[in-house]
Amino acid sequence: MNGGKGRRRLAGRASAGRGAVAHRVAGARTRLGRSGGEVPLDRITTRGRLAWLNAAGSRIGTTLDLERTAQELAEFTVPGFADGAAVDILESVLRGDEGSRWTGTGVPLMRATALCAVEELASLEPTPVGETFVRAEEAHETLLHRYCLRQGRPVLVSRMRNDDFIKVAPTESAAAKMRAAGVHSYLAVPLIARGLLLGSADFVRGPGRPPFSTTDLALAEQLASQAAVYIDNARLYGREREHVVSLQRTLLPRVTPVTPGLRVHAEYAPSTAHHGVGGDWYDVMALPGGRTALMVGDVMGHGLPAAATMGRLRTVARTLMTLDMAPERVLARLDLATRDLEDEQVATFLCAVFDPADSTYTLASAGHLPPLLLDGQGSAEFADVPVGAPLGAGVIPYDPIRLKMPAGGNLVMYTDGLVKSRDSALDHQLECLRSAARGLTPEALEGGGLIECAPADASRFDEAVLLVATTASKAPTVSKDSTASTASAVPADLREWQLPQEGRAASVARRLVTDQLAAWDLTELADVCELVVSELVGNALRYGNGPGRLRLLRGERLVVEVSDTGPDLPQIQHADLSDEGGRGLQLINMLCRRWGSCRTVTGKVVWAEQNLPS
C-alpha cells in the first residue's frame, strides 16, 4: 500500500515536472511570436531554442511548392535567428533533377529562391529572387559560398573583416552596402537531404546583435537539415506532377485540324493543387464530308492512372469516330470499352458532330456537364442534352439531340475543373460561368477567356479543359431548281446537291462536279473525280435504292460524298476476268487517297478523297 502511494506521489511529481516544462516551452513560443521571434534567440535559453526549432516543423513545408518552402525557411529565421536570410537552390534541383555534391570548378549554377530581412537591412543588394549566380572566374577561389557547397560544410564568420565582404556579397557594390549597413557576422549552411546537396541558406546579423556563435551554428545546421527534407519532398512532388502534366499534354492533340465552317479553340489548364492532374481530355477530328467531331471527357481520378486511362479512351474514341459513327453509338461502344479496363475506371464524355451544310450539331452525353450555347447576340444558355450514365456504368443506350446553331454562335464544351470549387455549389458555379461567357467579347471568348474566370488559388482543385467552337459569320443560303439544290453558302469550299432518283443521276452528278471544279480552278482533278462520282452514284442506284445527296468539299483534300438509303456498306470484291462488274471500288481505291463509308439515320454515306495539286 505504501509502495503504491509512493509511486502515485512520484507520478504526480513527474506529471507536474512535465507540465512545468511544457509551460516554459509554450512561453518561449509566445515570446518568439508569429514572425519567427520578437525576442532574439541569443537572449533565450537552450530550451527556448529547442522549442523554436520544434516550431519549424509547423511553419516550414506547409505546401509542396519548392519556392514557397524556401521562402518559409527564410521568413522563419528573421528576425528571431538572423537579421537577414537568403536561400539559394541548385538550378538542377529546381528543374526536378536529383541533388548532388558539386565536384566541378568554380561555383555550381544556383538560383536565388528566397529572401527576407529586417527593415534596417533593406538597403542591401542581394541577388534578386529568380536570378542565377554570375561570378567572375578569378573570384571563385576566395568565395566562402564555394567552400560551403563543395565541402558540404557550414561556414561561420563571427566577426567580418573588410576583405570578408567581397567573399560573401554578389558584387562589390553589394559588399560596400553591407559594410555601410553594419553587417558584422555571417553564417552559411548547406541544404542536404539523403546525402545530396540541394542548395544553401545564408544568414547575416547587423548592428545591435551579437555575432553568430558555435551554438547558433549547430542550431542552423539542425534547421537546415529539417528544411532540406521539406525542399526535397517539394522537388519530388514537382517532378512527379511535371511528369503527369507532360504525359497529359502528350496525349492531347497538338494541333486542331481544318474545320470547314468552324473555328475551334481548345485549352488545357492543369491544377496547381496536390494530385490535381490527370484524366481530362479533348479531341477535334475532321470527318468525311466536311463534318467535325468535338469531344471532351473526364476520367474520375487523378495522377498517372487517370492519365493512362484517358489516353486509352481517347484512342478508342478516335477509332470509333474514324468510322464516322453517330455520337450516341460512339458512347455506347466507349461504355463497353471502359468496362473492359482492368482498373474499373469511370469517365464522363460529351460528343458533338458539326455539319457545316446546315450548321447543326448532333450531341450525346455520358454523364457530362451540359455545353453552353451562345447565339452571338448576348444570349447564353445551357443545352438541354439528355444526360446518360457515365462511361463504365453499363447503363445504355444514349439519346442524341440535334441543335441548329446561328451564324456566329458559339458552342462551349468544358470539364468540371472549370467550374468546381470548394467554396460554392455546382449550380452556382455554372451560373457564374454563364454570366462570365455573356460578359466576354467574342474575341476573348474564342481566345479561351473563360479559363481566367475559373476558380483560382486554393478553391480550384482540379484541372480544366475548355473547347470553344464558333460557327461561320454568315449562314448558308440554299437555292433550288428542278433537278438539284445548290448550297452556295459559307463555307465557300462546301457544295451540296440533291440528285434525281432516275438513271440520269450519274450524268447530273458528273456535270455538277465538273462545273464546280472549274469554278475552283481544279480542272486537272475533273477526270478522276468524274469517274469516282459515277461509280458512287452507280452503286447507289444498284444497291442503295437510288442516290440521295451529293456533297463536294475542298479542304486539305478534295472529298466527294454520295448518300443513299441502302442498309449494306460497300466492300471491295475480287472480280474474275470474265466478270462484267465488281471493279468500281477497286478503281476508287487505286485512284483516290482513301475512301470509306458510314451508316446514317436514313441509310449510309460513301465518300472518297483526292489529294489537291501542290
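Being over 15 Å from S534 (Cβ atoms) and modelled with pLDDT of 80 or more is the filter here, so list the residues in segment 568-588 that pass it. Spell out the reasoning first.
First, pick out the residues of segment 568-588 that are over 15 Å from S534 (Cβ atoms): 568-569, 571-580, 582.
Passing the criteria: D568, L569.
Does R68 satisfy the condition of being open to solvent by 10 Å² or more (accessible area, probe 1.4 Å) and modelled with pLDDT of 80 or more? The answer is yes for R68. The residue that is most open to solvent (accessible area, probe 1.4 Å), among those in segment 334-356 that are of a type in the set (G, A, S) and farther than 13 Å from R402 by Cβ, is A337. Scanning segment 171-196 for residues that are buried (at least 19 other Cβ atoms within 10 Å of the Cβ) and outside any helix (DSSP H, G or I) yields V183, H184, S185, Y186, L187, A188, V189, P190, L191, I192, A193. Residues in segment 94-121 that are on the phi > 0 side of the Ramachandran plot and at pLDDT 65 or above: G96 alone. Screening L304 against (1) touching a strand residue (DSSP E or B) at 6+ places or on another chain (Cβ under 7 Å); (2) under 18 Å from Y282 (Cα atoms) leaves a single unmet condition, (1).
Would you be able to tell me the number of residues in segment 517-529 that are surrounded by fewer than 18 Cβ atoms within 10 Å (Cβ to Cβ) and either closer than 14 Å to R554 by Cβ or more than 46 Å from the chain's Cα centre (by Cα) (or both)? Step through it out loud before you land on a result.
We begin by selecting, within segment 517-529, every residue surrounded by fewer than 18 Cβ atoms within 10 Å (Cβ to Cβ); these are 518-524, 526-528.
If we keep only those that are either closer than 14 Å to R554 by Cβ or more than 46 Å from the chain's Cα centre (by Cα) (or both) as well, we get 518-524, 526-527.
Within segment 517-529, residues that are surrounded by fewer than 18 Cβ atoms within 10 Å (Cβ to Cβ) and either closer than 14 Å to R554 by Cβ or more than 46 Å from the chain's Cα centre (by Cα) (or both) number 9.
Restricting attention to segment 577-584, does a residue exist that is part of a helix (DSSP H, G or I) and surrounded by fewer than 18 Cβ atoms within 10 Å (Cβ to Cβ)? No - not one qualifying residue is present in segment 577-584. What are the pairs with Cβ atoms under 8 angstrom where one residue, in segment 400-429, is over 16 Å from L363 (Cα atoms) and among the acidic types (D, E) and the other, located anywhere, is open to solvent by less than 70 Å² (accessible area, probe 1.4 Å) and modelled with pLDDT under 85? Sequence gap at least six, or different chains. Listed pairs, sorted by first residue: D416/D462; D423/P455; D423/S459.
All of L320, L331, L294 fail the test of being surrounded by fewer than 24 Cβ atoms within 10 Å (Cβ to Cβ) and either on the phi < 0 side of the Ramachandran plot or assigned to a helix (DSSP H, G or I) (or both), apart from L320.
Residues are listed down the side, and each one gets a yes or a no for (1) closer than 30 Å to D83 by Cβ; (2) not in a helix (DSSP H, G or I):
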residue	(1), (2)
P211	yes, yes
L219	yes, no
R235	yes, no
T250	no, no
P257	no, yes
D298	no, yes
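Among the numbered conditions (1) touching a Ser or Thr at 6+ places or on another chain (Cβ under 9 Å); (2) open to solvent by less than 40 Å² (accessible area, probe 1.4 Å); (3) under 19 Å from R263 (Cβ atoms), the only one that L363 does not meet is (1).
Among the residues that make up segment 482-499, is at least one of them at pLDDT 85 or above and open to solvent by 50 Å² or more (accessible area, probe 1.4 Å)? Give the steps one after another, and end with the answer.
Step one: list which residues in segment 482-499 are at pLDDT 85 or above, which gives 495-499.
From what is left, the residues that are open to solvent by 50 Å² or more (accessible area, probe 1.4 Å) are 498.
For segment 482-499, residues at pLDDT 85 or above and open to solvent by 50 Å² or more (accessible area, probe 1.4 Å): present.
One residue is enough: does segment 403-421 have a residue meeting the conditions out of contact with any Lys or Arg (no Cβ under 8 Å at 6 or more places or on another chain), crowded, with 16+ Cβ neighbours inside 10 Å and aromatic (F, W, Y)? Checked against the condition, which is being out of contact with any Lys or Arg (no Cβ under 8 Å at 6 or more places or on another chain), crowded, with 16+ Cβ neighbours inside 10 Å and aromatic (F, W, Y), segment 403-421 yields at least one hit.
Candidates in segment 366-394 are the residues that are without any contact (Cβ under 8 Å) to a residue 40 or more places away in the chain and open to solvent by 60 Å² or more (accessible area, probe 1.4 Å); of these, the one that is farthest from G449 (Cα to Cα) is V387.
Of the residues R135, R159, which is at pLDDT below 85 and in a loop (DSSP other than H, G, I, E, B)?
Answer to the check: R135.
The values are calculated or read from the model by the stated rules, or taken from the named source; none is laboratory data. A quick note: this is a predicted structure, and the numbers were derived from the prediction, not measured. Here the Cβ is made from the backbone with ideal geometry for all residues, glycine too, and neighbour counts use every protein chain on show. We work out accessible area using only protein heavy atoms, side chains counted, and drop any ligands, DNA or RNA first. Shrake-Rupley method; radii C 1.70, N 1.55, O 1.52, S 1.80 Å.
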